[in-house]
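Please treat every number below as a calculation from the coordinates, not as lab data. These figures come from a predicted structure and were not determined experimentally. Cβ: placed from backbone, ideal geometry, glycine included. Neighbour counts: every protein chain shown.
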Amino acid sequence: MFQLYEKKKLPLEVRKLIEADRCSVYLQVPCPVNPSGPVTFSCPSLLCENGSTLLLGLEDEHTALGRGLVNSLWFDREMTLWLRDTDITYKLSVKSLRCLITGPVFTRMLLRARLSDPSAEISCAWELLWQSCAPTQEPLPATLPLPVPAAPDLHLDNPRLRV
Amino acid sequence: MYNTKRELLENTCAANPDLSPFVILKLSMLCDGVLLSERALDHLQTPLYNFGKVDSFGIQFQGRPADKAMPGAILLRDASNVYINYGEAFDAPYLVDWDPSREEFLLKDGEDVLDTVDFVPRPAFFGKSTSRGTPMESLVDIRAQKLILTAYERCRFWEGGHQCGFCAFFTGGGSHGEADCEDIYETVREAVREPGRFSEIFLSGGSDFGGEHPFDDEVDRYIRILQAVGRNFSGRFSSQLMAPAYTKAQLRRLYEETGLTAYCPNIEIWDESLFPLLCPGKEKYVGRNEWIRRTVDAVEIFGKGKVCTQVVAGAELSSPHGFKTIEEALESNFKACEFFARNGVIFLSTIWRPHRYSKLGYQKMPPLDYYIRLSRGLHDIRRAYGLFCTNDDYKHCGNHPDSDLERLDDYVSVV
């Protein structure tokens with residue numbers, strides 16, 4: 001906090017992996033409560049923008065994953081991202097950099113979510129700042145599926161609300 | 001006490017390690033104000049940020065350059081909203097500058113860069129007019145996800161000098177009176193064409209006590225407008241009406257005849273002796289105790305957590321009649337919050353920004369520490385009662401530092 005964060009380019013092989021959308025993505029976040037402590041989630045696909053910014057769309061922030069992302073942003077807490085391809089797994093140290101609820105990047109993430117389902121939603125989009133990246137042989141920690149929102153947080157243009 | 005804002009912020013965060021530093025920063029920016037550098041203001045004239053020159057709340061500000069449009073609210077990196085009265089005279093403001101090499105706005109204290117910020121983007125429907133020729137942006141105000149409609153650009157409490165002491169709404173002149181329903185329908189229809197742009201509709205206006213019973217005319221007006229909004233939706237839509245404390249019969253009409261989901265009759269000031277002094281119009285046409293009773297009764301119609309009431313935090317410490325100490329003010333507000341929470345009502349704070357055209361005039365604001373303790377206390381009390389904001393959280397509203405704190409709470413399993 002109270003500093004400028006510098007983004008750097010991801011290694012080319014990692015960028016290609018993300019851009020090809022062929023890896024499984026797992027994110028371990030520092031959950032503040034229920035549960036408390038590091039929790040790993042299987043995430044929807046990640047985006048890489050400009051070769052350096054990692055973007056994640058979140059359907060609902062009122063979940064353990066959402067709380068973990070906020071916790072990382074507010075208190076500069078580290079998270080771990082795993083990108084698992086058939087033959088290789090990369091482990092990245094990341095932090096939440098920015099939460100977006102409006103603007104061109106948020107809109108792009110929302111439209112991406114709505115490609116297959118026009119009534120799909122994301123509540124917010126997250127920019128992650130990566131700090132280190134290396135292949136790993138370590139086994140993945142136990143993961144939880146992505147939390148399902150209790151009540152959908154619909155934007156007013158959502159077809160489910162419209163005439 | 002501190003020589004720089006960095007010292008202030010870092011020490012305050014260290015003293016409150018469990019509190020979001022973004023809430024601390026937001027409160028500090030609200031207290032000290034923000035200036036826009038010429039470079040920043042120039043970049044804010046670009047289509048992404050240019051909000052034009054209309055202010056639907058009609059507040060007059062003297063320090064705004066005539067040839068430049070003002071932007072929307074500032075967005076911090078955690079998406080929280082900082083609503084600045086651009087053009088006010090601030091004593092020791094922050095500075096927002098534009099860095100062309102980073103292509104980002106920088107929040108600074110002199111030359112010291114504290115963080116990057118952004119601004120609420122201009123909505124796609126700005127620049128369009130209704131079929132009656134009304135510029136759509138003249139009917140609304142905008143936050144990141146909130147579409148604010150003003151039903152009535154007058155407040156009749158000003159007749160006879162009964163306006164709330166802190167209020168400067170509609171002092172800019174040029175009031176449009178009552179909004180046209182067809183204009184509202186078309187504006188909302190256009191606004192919600194933009195994917196993911198809005199998740200909340202907020203309706204308010206100046207108070208109008210006319211009618212067979214006080215506020216009957218106003219209730220009729222709000223119903224007409226909400227029905228016009230509702231033509232765009234198949235059922236209820238996330239929305240809040242900020243209005244006086246109505247009778248149950250009036251509220252029942254509002255709920256049953258429209259798609260409204262939440263209601264907010266602002267108490268403004270809790271203290272029994274201060275209320276009639278700072279809100280003489282509300283005292284005259286409803287009365288404090290009746291206002292409180294009606295607010296609690298509204299839960300029966302809208303449901304627990306769907307009725308809110310707000311205080312103008314800091315006005316309770318204003319001269320000449322306000323509390324003399326911060327402790328007294330905190331005690332009063334926490335007592336109010338506890339009472340309302342017990343009755344299923346969400347009690348929130350908004351930050352008082354003194355204005356020269358209000359009855360209270362320009363006064364020094366309470367210190368940052370007051371607002372930090374207030375935000376923390378209100379959040380803690382509501383959480384203990386399982387009350388969390390839906391319509392007034394950081395995303396659907398953005399005007400309440402205390403509700404910003406809810407983002408770490410286990411919201412779903414408690415409610």
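A few notes on this one:
- Ratio of Rg to Rh for the stretch B:189-261: 1.00 [Cα atoms; Kirkwood radius as inverse mean 1/r over pairs].
- Under Karplus coefficients 6.51, -1.76 and 1.60, residue-wise ³J(HN,Hα) of the stretch A:32-48 in Hz, glycine/proline x: x, 7, 6, x, 10, x, x, 10, 10, 10, 7, 9, x, 4, 9, 10, 10
- Computed from the C-beta positions of B:H321 and B:R293 and an R0 of 35 Å, the FRET efficiency is 0.90 to the nearest 0.05.
- Rounded if a/c under 1.5, otherwise prolate or oblate - the stretch A:22-153, Cα gyration tensor axes: rounded
- Virtual spin-label span in nm between A:R160 and B:T46, 7 Å along Cα→Cβ: 3.5 nm
- Radius ratio Rg over Rh of the stretch B:172-300, counting only Cα atoms, Kirkwood formula for Rh: 0.99
- Each part reduced to its alpha carbon centroid, the stretch A:82-109 and the stretch A:15-63 end up 5 Å apart.
- The convex hull defined by the C-alpha atoms of the stretch B:5-119 has an orientation-averaged projected area of 7.6 nm².
- Mean residue ellipticity (222 nm) of chain A, computed from DSSP H runs ≥ 4 via -39,500 (n - 2.57), nearest 500: -5500 deg cm²/dmol
- Working from label points 7 Å from Cα in the Cα-to-Cβ sense, the B:A15 to A:L111 distance is 4.8 nm.
- Distance (nanometres) between label positions extended 7 Å along Cα→Cβ at B:R236 and B:E257: 1.9 nm
- Evaluated at q = 0.10, 0.11, 0.12, 0.13 Å⁻¹: base-10 log I(q)/I(0), Debye formula over Cα of the stretch A:1-80: -0.27, -0.33, -0.39, -0.46
- Bins of 10 Å, starting at 0 and running to the largest distance - Cα pair percent for the protein assembly as shown: 3, 17, 28, 28, 16, 6, 1, 0
- For the stretch B:281-371, the calculated P(r), taken from all Cα-Cα distances in 10 Å bins from zero up to the bin holding the longest distance, is 15, 40, 34, 10 percent.
- One decimal place: the segment A:A134-A:L4 gains 44.4 nm when fully extended, by the rule 0.36 nm per residue minus the C-alpha distance.
- Note on the stretch B:136-414: along the principal axes its Cα atoms extend 50, 49, 33 Å, ordered by decreasing extent.
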